[in-house]
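So the structure is just underneath, and the comments pick up after that.
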Amino acid sequence: MARQDTTSALGAHPAAALGDRYVVEMPLPRVVARLNKRYTNRFIEPVVARLPGYVRVVHTGRRSGRIYRTPLLGFPANDKLLIALTYGPGADWVQNVMAGGAMVELSTGTHRVDSAVLVDRQVAWTHLPAIVRFALRLLRVTDFLLLSVAGNPER
C-alpha cells in the first residue's frame, strides 16, 4: 500500500479517514504481539507506574466491553502524548482507543483521552529522542498515535 506524506505538523495520518478499512503490515510479527499481550504486559503491569516514560492506556474492548490496561511508552509532543505503534494501527488497543472512551494513567493521575489521531513518522520524529528514533527505524515503525488528554486528572 502506498503511503502519502502528512503535510501538517500535527495533521492527521492520511489513512485515518479510511477507518477500519485501513490495513497495513505490522512492523513486528503478530506472534510477538500475542506473547506480549499474554505474558510481558502482565509481568510489567505492576511496576509500570515506576518505570520512566511508561504510561498505561485504559480502554474498553469494542466487542467484549471488557476493560483493558495496556502499558506503553509515551513521549510528550507539545501538549499531547505520542505513542509508537509497533504493532501497527490495526492493533486491538489502537482500535479501541480510536473508538473512544479511553483514559491514560500518567504520573499526574488518570486523564481522559479527548482525541486520538494517527500520524506518520514525519510528524512524530521531531518529538522523539535520537536513540528511540534509531530503534523505531530498525523496527520499521512508521505509524504513531497522537493523544490529546484532559489537563485535569479524573477522580
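The values are calculated or read from the model by the stated rules, or taken from the named source; none is laboratory data. Note that this is a predicted model, so its numbers are computed, not measured. Virtual Cβ from ideal backbone geometry, glycine too; neighbours counted across all protein chains shown.
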Would you confirm whether any residue within the range 123-139 is free of Cβ contacts under 8 Å to residues at least 24 places away in the same chain and buried (at least 18 other Cβ atoms within 10 Å of the Cβ)?
no
Might you let me know whether the range 86-104 holds any residue that is of a type in the set (A, V, I, L, M), touching a Ser or Thr at 6+ places or on another chain (Cβ under 6 Å) and modelled with pLDDT of 90 or more?
yes
Return a yes/no flag: does the range 95-102 have any residue that is over 14 Å from Val58 (Cα atoms), in contact with a Leu (Cβ under 8 Å, 6 or more places away or on another chain), in contact (Cβ under 8 Å) with a residue 40 or more places away in the chain and surrounded by 21 or more Cβ atoms within 10 Å (Cβ to Cβ).
no
With the requirement that a residue be in contact with a Phe, Trp or Tyr (Cβ under 9 Å, 6 or more places away or on another chain) and of a type outside the set (A, V, I, L, M, F, W, C), what does the range 80-131 give you?
Tyr87, Pro89, Gly90, Asp92, Asn96, Asp120, Arg121, His127, Pro129
